[in-house]
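The values are calculated or read from the model by the stated rules, or taken from the named source; none is laboratory data. If you're wondering where the values come from, they're calculated on a predicted model, not measured in any experiment. Cβ placement follows ideal geometry from the backbone for every residue including glycine, while neighbour counts extend to all protein chains displayed. The protein model used for the area step is the full one, side chains on, heavy atoms only, and it has no ligands, DNA or RNA in it. Shrake-Rupley method; radii C 1.70, N 1.55, O 1.52, S 1.80 Å.
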Amino acid sequence: LVSLSLSDHGLTDDDLKHMLPCLTNLRNLNISGRFGQSYDIHHSMLTDKGLMTISKYCPKLQSLDISYNRKATARGVKAVLMKCPDLLDLEASDLGISAQHVAELLKLSQKLLFFRFEGAQGHDIYLLHDAMKVSKGRTIISGSFTGLYEVQLSPPFQRTRDESMNKITKAYEQVSNVHIYNKWEGLV
């Protein structure tokens, strides 16, 4: 099994602890919680402990969606980035990750092409500019409701950003192909 989607789930940290040791070859994992403002005790139950379980048993991940697991934090995301060196795509909306966290997180990954989080406004946008420069233009940052963040980059970093955008676009086009189980296959 290379792809697993359990979005809008009621999974707990213990569920992952029992399930993931059997799924060490996963490349794509979607365990996003329930979208929306209403907090339901039976949804979005994963914490940093669950993210650490992912980092332990799924080192081959290329794509991970942990959005709307409101009990998880930047600490758990850090564990994933440190132990999943091939991660290319990370969706982490509504985890309470600040713009300051983003810069710190991007320093941990050498391959991450796309990162979505809740977003930033005002002065915090400058922190995202710094984060994009830390990745040398490689990582495209998107806010859940603000879209892609743009920043002036040097020509070499802009070329890197353009290459990342092309790979991301192709990967998301492949999602609709039923014969492709890993949207990143052949792109990296």
| Tell me, which residue of the range 16-37 that is in a helix (DSSP H, G or I) and in contact with a helix residue (DSSP H, G or I) (Cβ under 6 Å, 6 or more places away or on another chain) is most open to solvent (accessible area, probe 1.4 Å)? | K17
| task | Would you tally the residues in the range 110-121 being more than 11 Å from the chain's Cα centre (by Cα) and either modelled with pLDDT of 90 or more or assigned to a helix (DSSP H, G or I) (or both)? | result | 2
| From S55, S63, which residue is under 25 Å from V175 (Cα atoms), within 14 Å of the chain's Cα centre (by Cα) and touching a residue at least 60 places away in the same chain (Cβ under 8 Å)? | S63
| task | Please work out which residue is farthest from D94 (Cα to Cα), limiting yourself to the range 133-172 and to residues that are without any contact (Cβ under 8 Å) to a residue 24 or more places away in the chain and buried (at least 17 other Cβ atoms within 10 Å of the Cβ). | result | L153
| Out of curiosity, is S32 at pLDDT below 95 and among the hydroxyl-bearing types (S, T, Y)? | yes
| request: Give the range 64-98 a look and list any residue that's polar (S, T, N, Q), buried (at least 19 other Cβ atoms within 10 Å of the Cβ) and touching a helix residue (DSSP H, G or I) at 6+ places or on another chain (Cβ under 8 Å), or say none. | output: N69
| For the range 173-187, what are the residues that are surrounded by fewer than 16 Cβ atoms within 10 Å (Cβ to Cβ) and under 17 Å from N25 (Cβ atoms)? | I180, Y181, E185
| request: Please find, among K133, K183, the residue that is part of a helix (DSSP H, G or I) and among the basic types (K, R). | output: K133
| said: Could you check the range 157-172 and list, in sequence order, the residues that are within 17 Å of N30 (Cβ to Cβ) and either among the small types (G, A, S) or at pLDDT below 80 (or both)? | reply: A171
| request: Quick one: H101 ticks every box in (1) within 24 Å of R161 (Cα to Cα); (2) surrounded by 24 or more Cβ atoms within 10 Å (Cβ to Cβ); (3) at pLDDT below 95 except a single one, so which number is it? | output: (2)
